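Q: This is the structure I want to talk about, given as C-alpha cells.
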Amino acid sequence: MTESANRSPRPDLPVCVINCAAYGRDGARRDISLDAISDVLAVDDGSFVWVGLYEPADGILEKLQEEFGLHDLAVEDAQNAHQRPKVESYGNSLFIAMHTARTVEQRIRFGETHVFIGPRYIVTVRHGASSSYAAARARIEREPELLVHGPGAALYAVLDMVVDDFMPIVDEFNHTLNMLEQDIFAEEFRKDTVRKLYELKRELTRLRMAVAPLQDILSQLERVRGGLIDGEIQLYFRDVHDHAQRISEATDTLREMLTAAVGVNLSLVTVHQGEVVKRLGAWAALLAAPTLIASWYGMNFESMPETKSPTGYWILIGVVVVVCGVLYRMFKRARWL
C-alpha cells in the first residue's frame, strides 16, 4: 500500500490516524476528533468508538491511552512492530497481536496488526504490509444488526478480513507451484528452478507462521467471558476460525508438495547425471578397445605376430571393427547409448 493511501482523509486528524468514529447501536456513524472521545464515552448510550491507526507516533498512543485507559504494557507492545501473535487480558480489555500478509508488486509482504478492545472501544494499529480496514468498517456499517454487538462486531470484521487476505496468497502459491512443475520435469537441469522452489518454500513457511497462531487467537476469543464479547458474536469467530484452519491446512499441503517437488527435482538431476556418466563410460570403452590394440602394435618390437604378413594391417583393422561393434551392441542393449 502506498504512503498516500494510508493518510487520513480528514484534516482534523494526524496523518497516522486513518479513522476515528463513534458508532451508535442504531448503526449511525459519526466522525469525531481524538479530543471528543472522552465526551462520547461519558454518555452511556450503547455507542462505541473505533480508532484506526497506521504506524502511529508515540504521542498518539499516549493520547489514546489517556482516553481509553490502556495498559502501559499493551501500549509498549503496540509501539513495537515485532510482536509474537497473542491475546492478553488487562482487566476488562484485551490486547491482540497478529501477523498479516498481502501481495505488493507481485511479492508477499508481511505486517502486523495490534488491536485494543474494551467495552466501548476498539483501536486497530497497523504496521507494515496490511490492507486498510476501511472495507471492514464499511461492512459493519452496511450490517447494522452487527453493530448491536458493539466492539466485538468490529473485531470480528477485522479478523475476518485478515484471514480472507491470506486466501489469494495461498491461491497464488498454488498457481506458482503448478507452473514450476513444468520446469521440474524438464529434460535439462535448471538451477533457477531449484532457487524458485526454495524461495517459494521459504515464503510458505513464513505464511504458515502467520496463519497458524490465528487459530489459537480465535479459539481464545471464542471462550472469552465477562461480557466483553457476547455469545452471539462468538459464533462468528467460530466461522473465522474454520476459515483460518482451512488456510492453514492448505498451507501445510503446499509445503509438503514443495518438499516433494524439491526431492523429485534433485532425484531427476541425479538420474540425468547418471545417464550422462553411463554414456561417457560407454564411449570411453569404445575408444579404449582400439587404443589398447593399437598400443600393442605400436611398441616397435621386431618379433611380433602379423608384422611381416601383407594382410596383417587389414586383419588388425577388422579385429578393431569387430570388437567395437560387439561393444557397441552390448552397450546399446544395456541402454548405455
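None of the figures in this text is laboratory data; all of them are computed from the coordinates on show. Not measured: the values here are computed from a predicted model. Neighbour counts are summed over all protein chains in view; Cβ atoms, including those assigned to glycine, are modelled from backbone coordinates with ideal geometry.
Q: Could you tell me the calculated FRET efficiency between HIS175 and HIS272, based on Cβ-Cβ distance and R0 = 25 angstrom, to the nearest 0.05?
A: Numbers: r = 27 Å, r/R0 = 1.08.
After rounding to 0.05, the efficiency reads 0.40.
Q: Also, I was wondering about something else. For the stretch 122-191, which GluC sites (Glu not before Pro) are both in a DSSP coil and crowded by at most 10 other Cβ atoms within 10 Å? Intermediate results must be reported in sequence, preceding the final value.
A: Values: sites: GLU141, GLU145, GLU172, GLU181, GLU187, GLU188; in loops: GLU187, GLU188.
Here the GluC sites (Glu not before Pro) that fit, given the DSSP loop and packing criteria, are GLU187, GLU188.
Q: Which entries of LYS308/LYS332; LYS86/LYS201; LYS191/LYS332 show an alpha-carbon separation above 29 angstrom in the structure shown?
A: Working: LYS308/LYS332 37 Å; LYS86/LYS201 25 Å; LYS191/LYS332 31 Å.
Over 29 Å apart, Cα to Cα: LYS308/LYS332; LYS191/LYS332.
Q: So what is the 222 nm mean residue ellipticity for the chain from helices alone, if each DSSP H run of at least 4 adds -39500 (n - 2.57) and you divide by all residues, rounding to the nearest 500 deg cm²/dmol?
A: Numbers: 10 runs with 196 residues, N = 337.
Dividing the helical sum by the residues of the chain leaves -20000 deg cm²/dmol.
Q: May I ask you to derive the FRET efficiency for ASP252 and GLN220 from their Cβ-Cβ distance with R0 = 25 Å, giving the value to the nearest 0.05? Mind dumping the intermediate values first?
A: Values: r = 22 Å, r/R0 = 0.87.
For R0 = 25 Å, the calculated efficiency reads 0.70.
Q: I'm spelling it out carefully: the read-out is Rg and Dmax of the Cα atoms in Å, the candidates are (i) 18.7, 56; (ii) 31.2, 119; (iii) 35.2, 125, and one was derived from this structure. Which label?
A: (iii)
Q: Taking the Cα centroid of the stretch 33-101 and of the stretch 199-224, what is the distance between the two, rounded to the nearest whole Å?
A: The stretch 33-101 and the stretch 199-224 have Cα centres separated by 23 Å.
Q: Helix by helix through the chain, keep the DSSP H runs that span 20 Å or more along the axis on Cα and average at least 0.5 on Kyte-Doolittle, and give those back in order. Each step should come with its number before you reach the end.
A: Numbers: long enough: 151-184 (50 Å, 0.41); 191-222 (47 Å, -0.45); 231-296 (97 Å, 0.27); 312-333 (32 Å, 1.43).
Qualifying helices, which must be both long enough and hydrophobic enough, are 312-333.
Q: Also, quick follow-up: Under 11 Å from the 7 Å Cα→Cβ point of ASP192, by amide nitrogen: which residues of the stretch 242-263?
A: The answer is none, because no backbone nitrogen lies closer than 11 Å to the label point.
Q: What's the local net charge at HIS243, with K and R +1, D and E -1, over the other residues with C-beta under 12 Å away? Write down the numbers at each step before the final one.
A: Details: positive: ARG238, ARG246; negative: ASP160, ASP164, ASP165, ASP239, ASP242, GLU249.
Surrounding charge for HIS243 is -4.
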